[in-house]
Amino acid sequence: MATAPPRVSCGSLLQELQVLWGQIGQNEAERDRMILQLEEDCLNVYRKKVEQTRKQKEDLTEELSFGESDIEKILSALGERESFSRVEKLGGTLLEQLAKVEPVLEDLRRRRDERVQEFMVVQAQIVRLHAEISGTIENGDPVPPLVDETNLSLRRLAEFKSQLKELQTEKNLRLQKIDVQINCIHEICNMMSLDLKKELYEVHPSFVELGRTTSMSISDSTLERLAGKVHSLNQEKKQRLRKMQDLGSTLIELWNLMDTPTAEQKCFDHVTSLISVSPNTKMPQGCLARELIEKVEVEVKRLNCLKASKMKELVLKKMIELEEIYKSVHMDIDSDYERRILNDLIDSGKANLSDLLTGMDGRITKAREHALSRKEILEKVEKWTLASEEESWLDEYERDQNRYNAGRGAHKNLKRAEKARMLIRLLDSLEEYTSRRQQKDEEKRRSRELKKLQEQYAAEQGATFGTKPSPARPPSARKPLGQSSNANIISGTPTSRRVCTPMARKGGLSSGKVKEAGKTAFIPANYVALPKDCSDNSNL
């Protein structure tokens with residue numbers, strides 16, 4: 001093993017140098033000069049080294065000072081005011097002190113960087129949420145926020161996190177609201193068979209983008225447009241439902257009116273089932289589709305045309321019934337004119353056929369009442385007809401040369417015929433008066449009815465059709481026949497065969513006298529009944 005060279009000192013080298021100078025013969029002055037030079041060189045080397053070492057110390061001191069300052073700043077920024085002992089109090093050389101400071105500073109710087117990153121994440125989310133809520137994010141991503149590194153305390157971070165949580169809650173609430181409204185739009189679109197994507201795209205494209213690169217818009221303006229879309233669709237749904245309910249009610253009315261078979265009605269059960277449905281009730285898919293409404297409208301139109309045809313037929317039947325009633329009581333009616341008025345009203349389509357039928361029913365009811373009030377007059381006319389026949393028989397009997405050779409019971413026929421002759425003469429005057437009075441009343445009634453029909457046709461309204469016959473005079477207004485002073489004179493009806501005087505049997509009461517009596521007798525205009533016959537009427 002090689003040995004290390006011996007250590008040479010400055011003194012040994014100086015001695016060796018003195019020996020060499022002696023051998024050379026170097027004078028003393030030169031030796032002193034050279035030794036001084038060597039000493040100067042040594043001082044310079046030492047001085048330089050000292051300067052370097054001093055500079056190193058200053059650097060270490062400055063580095064240590066910077067480290068302590070950074071520690072103070074970081075601790076202040078982090079909000080951790082822990083007591084950190086100064087270096088000189090820690091003891092040891094600068095390098096030892098610096099060795100103690102460096103790991104602390106490195107740890108604090110790491111913690112500071114982590115805190116800064118945490119602040120950046122939270123603040124970036126806050127800025128983005130603000131942009132999403134305000135709608136400015138549609139113009140591009142927001143600029144990353146700057147972190148204030150002088151305040152990185154946990155308290156400050158907690159404030160940012162609280163703000164972020166509020167914004168996230170607001171976003172979630174908006175998303176929930178959007179989700180509810182989109183579901184509502186989806187449900188309404190299903191009811192009305194509308195294109196959901198088209199309706200949502202009109203609100204905001206982000207609602208229908210597939211693989212969207214940006215988040216769904218939650219701005220105030222988007223929420224307002226979405227709410228407006230929901231409102232407009234709800235209004236459209238209500239209008240369609242109301243229209244469908246009206247059509248359903250019309251269908252049921254038409255079905256009941258025309259006795260439509262149940263099998264045919266089942267084809268529109270999905271329509272009639274909506275009549276009592278509330279607008280807020282969930283309804284089947286496609287139940288309010290425009291195509292379905294148009295289909296129901298076509299069906300209602302078809303049934304209305306069929307109804308118009310049948311109602312026209314019913315109205316004409318009612319008219320025939322009315323004519324029969326008038327005919328049965330020997331009253332005249334301008335059938336052709338009234339039929340023409342009815343046809344014009346029905347063909348115009350502006351008359352309510354149901355009201356028209358109701359009006360016809362009312363006329364028929366009034367006509368029947370009027371006919372009933374004329375029943376006794378008609379019975380009197382019938383009796384007058386029978387009495388006329390009896391009088392005709394008497395005339396023939398008087399012309400018969402063999403009348404006294406009649407068989408058994410001929411005297412009874414003679415007696416009845418004589419009474420009939422007297423009665424017919426009395427009834428002639430009564431019939432003439434009542435006929436004139438009836439004719440005047442009938443002309444007034446027809447004039448009123450035609451006037452009402454013309455007014456109804458001119459107004460083109462579906463009011464109750466037809467004029468009503470003037471009501472008969474109340475029974476209380478009639479003067480009983482028995483109260484008249486001439487009651488015994490005008491009581492000649494077929495049942496008054498009690499006038500059994502000898503003159504009556506022999507035809508002693510001349511027709512002239514009977515007519516004169518008829519002319520002088522006061523006959524009430526509302527003559528209805530005649531007094532009962534004598535007891536001997538039972539023989540006729």
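The values are calculated or read from the model by the stated rules, or taken from the named source; none is laboratory data. Every value quoted in this text rests on a predicted model; they were computed, and no experiment measured them. Cβ coordinates were reconstructed from backbone atoms using ideal geometry, including for glycine residues, and neighbour counts include every protein chain displayed. Calculation scope for accessible area: heavy atoms of the full protein, side chains included, ligands and nucleic acids excluded. Shrake-Rupley method; radii C 1.70, N 1.55, O 1.52, S 1.80 Å.
Observations on the structure shown:
- The number of residues in the stretch 199-211 that are out of contact with any Leu (no Cβ under 7 Å at 6 or more places or on another chain), open to solvent by 20 Å² or more (accessible area, probe 1.4 Å) and not acidic (Asp, Glu) comes to 5.
- Residue selection: residue 387 fails the criterion of being in a helix (DSSP H, G or I), modelled with pLDDT under 70 and not charged (D, E, K, R).
- Looking across 117, 125, one residue alone is open to solvent by less than 90 Å² (accessible area, probe 1.4 Å) and assigned to a helix (DSSP H, G or I). It is 125.
- For the stretch 167-176, the criterion of being in contact (Cβ under 8 Å) with a residue 60 or more places away in the chain and surrounded by 11 or more Cβ atoms within 10 Å (Cβ to Cβ) is satisfied by no residue at all.
- Total residues in the stretch 128-153 satisfying the condition of being of a type in the set (S, T, N, Q) and either under 17 Å from residue 174 (Cα atoms) or outside any loop (DSSP other than H, G, I, E, B) (or both): the figure is 3.
- Helices (runs of 4 or more DSSP H) contained in the stretch 212-325 and holding at least 2 residues surrounded by 13 or more Cβ atoms within 10 Å (Cβ to Cβ), assigned by the TED database to the domain that holds residue 140 and under 22 Å from the mean Cα position of the chain (by Cα): 220-258
- Index of the failed condition, residue 111 passing every other in (1) in a helix (DSSP H, G or I); (2) touching a Lys or Arg at 6+ places or on another chain (Cβ under 8 Å); (3) not hydroxyl-bearing (Ser, Thr, Tyr): (2)
- Residue within the stretch 143-158 that is over 17 Å from residue 79 (Cβ atoms), of a type outside the set (Lys, Arg) and open to solvent by less than 60 Å² (accessible area, probe 1.4 Å) present: yes
- Failed condition for residue 106, given (1) open to solvent by 90 Å² or more (accessible area, probe 1.4 Å); (2) within 51 Å of the chain's Cα centre (by Cα); (3) of a type in the set (D, E, K, R): (2)
- Selection of the stretch 177-198 for residues being in a loop (DSSP other than H, G, I, E, B), open to solvent by less than 80 Å² (accessible area, probe 1.4 Å) and not hydrophobic (A, V, I, L, M, F, W, C) yields only 193.
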